[in-house]
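Right, one structure below, let's go through it.
The values are calculated or read from the model by the stated rules, or taken from the named source; none is laboratory data. Treat the numbers as computed from the prediction; the structure is a model and nothing was measured. Counting neighbours? That spans all protein chains shown, and the Cβs are built from the backbone with ideal geometry, glycine included.
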Amino acid sequence: MSSTFAPPEALTKVPFHYCPGCTHGIIHRLVGEAIDRLSIRERTIGVASVGCSVLAYNYFNVDMQQAAHGRAPAVATGIKRVLPDRVVFTYQGDGDLASIGLAELVHAAARGERITVIFVNNANYGMTGGQMAPTTLLGQITTTTPSGRAVKEAGYPLRVVEMLATLEGPVYLARVSVHDPANVIRARRAIIKAFEVQLQDLGFALVEVLSICPTNWGKKPVEALSWLKEHMLPVFPLGEFRAVS
Amino acid sequence: MKVLMKGNEALAEAAVRAGCRCFFGYPITPQTELLEYLARRLPEVGGVFLQAESEVAAINMVYGAAGAGARVLTSSSGPGISLKQEGISYLAAAELPCVIVNIMRGGPGLGGIQPSQADYFQATRGGGHGDYRVIVLAPASVQEMADLAVLAFELADAYRNPVMILGDGILGQMMEPLELPPFKEDLPAREWATDGCRGRARRIINSLYLDAEELERHNLRLQEKYRRIAEREVRWEEYLTGDAQVLVVAFGTCARIARATVKAARSEGIRAGLFRPITLWPYPYRQLQAAAASARAVLVVEMNAGQMVEDVRLALEGRVPVHFYGRTGGMVPASGAVLQELRRIGGVGRVQHVRPA
Amino acid sequence: MASRVVLHLERERCKGCGLCVAFCPREVLGLAQELNGLGYHPVEMRAGERCHGCGRCALMCPDLAISMAKGEAV
């Protein structure tokens, strides 16, 4: 019997602490599958950020460093510059990457750092209980936008991938989603590509993965997926915004 | 064979000779020559030089590179060191060796660009969060800027701890002849570095401990390490303290001024001596107590409003009156003014004042 | 030779999120009445014979609770 679907070797056996239905778990699996597919586990170093995925160092079966909130791209830069032949990735949420860590992200991208950034966008600060993030949608209720995000007070959502696409440093930029099986497969392909361009020493790569937060959105997992499809996709269109031919 | 170099550049060259192959920095007066020197020098030795987008980014690059096993250096001045404080707390918590240079300038706020010692508390008490310590070394000459750079890397590796070199604008900018240290090739192994888990169990560099008992155990381990450092790594210098009735305590640039003042006082028949801490943490409390044995009064001289004076009072526990003379804003104490203080406090009661601008 | 599919359900990892049940095109899966060690209603096989190994359940599982063996019947 040939096994066609099994947990990737690049993930440990530790069960995830994530809430039921939280698609961080799917995205972890996709990163693990990409690392296995490219057989780079033994020379990969991951940088975990601060947020729900702060415990990612328990799950990725590779050498890991835990970065301060927002600073993963800088930590990854330090690792990659010292070990240019190793594979370095960061795994960050939207609060970590698009709010406190935006400068580190933009400059790592502008420098064309040979690192792979996995950016999970679930439109809120999950770990701290559902506050507004830069990617929170207009009108979206969070614990810090109790009557819905209003432009006058809190401005507009940040489209990170489009922003980075104005820079020369990035060689692969894509936004994908995991709200149904077909998109999960496309997300895996994009994540593999984001690692491949690093292996080819071409430049900076980032994949933004739209993800759900059933607990803080106050929705059942299946409902949350449709909310993502209906509300997030129009604001955060999917696609490859920069790719190597 | 002596060479004539600026303090900032001597420190940079010494770091390279100490095996440092990785620097992350950011421009800020009066430290920028260190950054510029390494921009030229590190590529010559196949090293990594990166001007980061901010001091916050730079200190986190240090975290990554140190965690990957490199000997890594960063430098700045007061305002930049303030920005690095969170990162320094993480470096101490994750027990990552690195060297952080602060070429101090007048503060607070944007302050000025002339020399100062007003970051003493920040360096020795820690400007970041949590119970942690960094070893703090205070050079008083261009030669020591180089020698203490080498020592800093050795201590950082020996104890897996950040080490800070606390200089100032004078030490950084002035030129003096010095002997450069020899090149060091073999670095201590890093059994903990995250450089890819081929052929071994994976490694994690981390400072998160959500379980309180585990975090306390981690804290106790750190405190035990700090106790060992305090026991073994105190460094200081004494000048004419044996029979000193008036003991001057000063570090860095102020110690140079105090030495000249002690000499002048001696020529006037005042039995003065100088105690110069070289490690500001761990502070030489016991050694200062011994040096002050014959002293009727102690005068602390600093370029700040009175910071190390508190450690001197802690060391002497009220046994002898401690006077303070300080200049701030980048003003440098004049030897004559310090001598005036020495004359005045020969027998008079305790006085503390900051000379008005 | 009919290809045979074996779904392996790691019930102690399951948090009863229901995504696999929702995306299975043939209603092969359901959530059990009893609770697992985590206190969730874990996934259970309702009609294994209907499963043709499309893998959507495994793709959508956030907790690596579903793995699948597929191949020629021995």
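Structure values in brief
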{"item": "Subset of segment A:53-75 (residues that are more than 7 Å from every other protein chain (Cβ to nearest Cβ) and at negative phi)", "result": "A:53, A:55, A:56, A:58, A:59, A:60, A:69, A:72, A:73"}
{"item": "Residue A:9 surrounded by fewer than 19 Cβ atoms within 10 Å (Cβ to Cβ), more than 30 Å from residue A:218 (Cβ to Cβ) and at the interface with another protein chain (Cβ under 8 Å from one of its Cβ atoms)", "result": "no"}
{"item": "Counted residues, segment A:200-226 - those being among the hydrophobic types (A, V, I, L, M, F, W, C) and more than 19 Å from the chain's Cα centre (by Cα)", "result": "2"}
{"item": "Extreme residue, nearest to residue A:211 (Cα to Cα), among residues of segment A:81-113 that are surrounded by 24 or more Cβ atoms within 10 Å (Cβ to Cβ) and of a type in the set (D, E, K, R)", "result": "A:94"}
{"item": "Helices (runs of 4 or more DSSP H) enclosed by segment B:1-71 - at least 3 residues per element that are surrounded by fewer than 24 Cβ atoms within 10 Å (Cβ to Cβ)", "result": "B:7-17, B:32-44"}
{"item": "Strands (runs of 3 or more DSSP E) within chain C that include 3 or more residues more than 7 Å from every other protein chain (Cβ to nearest Cβ)", "result": "C:3-9, C:29-31, C:43-45"}
{"item": "Leading residue by the ranking (nearest to residue B:244 (Cα to Cα)) among those in segment B:306-319 that are more than 19 Å from the chain's Cα centre (by Cα) and surrounded by fewer than 19 Cβ atoms within 10 Å (Cβ to Cβ)", "result": "B:319"}
{"item": "Segment B:189-209: number of residues that are facing another protein chain (nearest Cβ under 8 Å), in a loop (DSSP other than H, G, I, E, B) and over 10 Å from residue B:68 (Cα atoms)", "result": "8"}
{"item": "Of residues in segment C:18-45 being more than 9 Å from the chain's Cα centre (by Cα) and among the charged types (D, E, K, R), the one surrounded by the fewest Cβ atoms within 10 Å (Cβ to Cβ)", "result": "C:34"}
{"item": "Matching residues in segment A:17-33 - criterion: being more than 10 Å from chain C (Cβ to nearest Cβ) and within 15 Å of residue A:176 (Cα to Cα)", "result": "A:31"}
{"item": "Residues being at the interface with another protein chain (Cβ under 8 Å from one of its Cβ atoms), acidic (Asp, Glu) and touching an Asp or Glu at 6+ places or on another chain (Cβ under 8 Å) - total across segment B:32-86", "result": "1"}
{"item": "Verdict on residue A:78 being small (Gly, Ala, Ser), surrounded by 24 or more Cβ atoms within 10 Å (Cβ to Cβ), more than 8 Å from chain B (Cβ to nearest Cβ) and in contact with a helix residue (DSSP H, G or I) (Cβ under 7 Å, 6 or more places away or on another chain)", "result": "no"}
{"item": "From B:220, B:180, residue being assigned by TED's automatic domain parsing to the domain that holds residue B:62 and surrounded by 15 or more Cβ atoms within 10 Å (Cβ to Cβ)", "result": "B:180"}
{"item": "Of residues in segment A:180-203 being in contact with a Lys or Arg (Cβ under 7 Å, 6 or more places away or on another chain) and more than 10 Å from chain C (Cβ to nearest Cβ), the one nearest to residue A:160 (Cα to Cα)", "result": "A:203"}
{"item": "Residue in segment A:38-50 that is free of Cβ contacts under 8 Å to residues at least 40 places away in the same chain, facing chain B (nearest Cβ under 7 Å) and basic (Lys, Arg) present", "result": "no"}
{"item": "Selection count where residues are within 11 Å of chain B (Cβ to nearest Cβ) and among the hydrophobic types (A, V, I, L, M, F, W, C), scope segment A:81-101", "result": "5"}
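Conditions (1) within 22 Å of residue B:195 (Cα to Cα); (2) in contact (Cβ under 8 Å) with a residue 24 or more places away in the chain, marked per residue:
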| position | (1), (2) |
| --- | --- |
| A:5 | no, no |
| A:9 | yes, yes |
| A:19 | no, yes |
| A:24 | no, yes |
| A:30 | no, yes |
